Amino acid sequence: MFGQGLLRGLQITWHLAFGKAITEEYPERRPSLPPRSHGSFVLEGDKCRGCGVCANACPNHVISIDTRRGEDKKRHLAKFTMKLGQCLFCGLCVENCPSDALHFKPDFELACYRFEDTIHVLFEDKAGAPEQVADEE
Ligand code: SF4
Ligand code: SF4
């Protein structure tokens, strides 16, 4: 029928103009991301054993781990570094961590001007002993 398309178009325009807004006025209003969204990372240093499973699971060599031998002769995490400029945010490191120490956090604003700022140190034990027992990339 003549004019049916026009009426349909006007109906859509009317619905979008006066219906419920589906956009968010970012950055004034922050989006509430789902808890399992892939953003930046957080490491629970007390849970991490420095085993290197996450670094081995990473397809892009993002994670570097330094460990040291403690007075109890056990291996302890000394430094945990991520080069986020190379990260695919695939989640293989988080999924494979046997200690549930590495997690995503809903922090998606990772753009920066300098390459050095893409390197994130998630943990550093500055009081550590000098003896290094591993340096995995
Ligand atoms: S999310 Fe993927 S690419 Fe990024 S550090 Fe983890 S395993 Fe590597
Ligand atoms: S984050 Fe998990 S997988 Fe990675 S070194 Fe620590 S304990 Fe091992």
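A short reminder: the numbers here are calculations on the coordinates, not readings from a lab. These numbers come from a predicted model, not from an experiment. Positions of Cβ are generated from backbone atoms using ideal geometry, with glycine treated the same way; all protein chains shown enter the neighbour counts.
Annotation for region 1-69: chymotrypsin sites (Phe, Trp or Tyr not before Pro) lying in DSSP loop with at most 10 further Cβ atoms inside 10 Å of their Cβ are Phe2.
A DSSP coil position with no more than 12 other Cβ atoms inside 10 Å describes the following chymotrypsin sites (Phe, Trp or Tyr not before Pro) in region 98-130: Tyr113.
Once the trypsin sites (Lys or Arg not before Pro) in DSSP loops with at most 14 neighbouring Cβ atoms within 10 Å are cut out of the chain, the longest remaining piece is 75-113.
If one takes the longest principal axis of the Cα atoms in the chain, at what angle in degrees, from 0 to 90 and to the nearest 10, does the Cα axis of helix 4-18 lie? Roughly 50 degrees, rounded to the nearest 10.
In this rough spin-label picture, where each label sits 7 Å from Cα along the Cβ direction, the Glu109-Leu7 distance is 4.8 nm.
The GluC sites (Glu not before Pro) of region 27-125 that meet both conditions, a loop assignment by DSSP and at most 13 other Cβ atoms within 10 Å of the site Cβ, are Glu28, Glu71, Glu109. Applying 0.36 nm per residue to the separation of Val42 and Asn60 and subtracting their alpha-carbon distance, the gain on full extension is 4.6 nm.
The label point for Glu25 and the one for Leu84, both projected 7 Å from the Cα toward the Cβ, are 2.7 nm apart.
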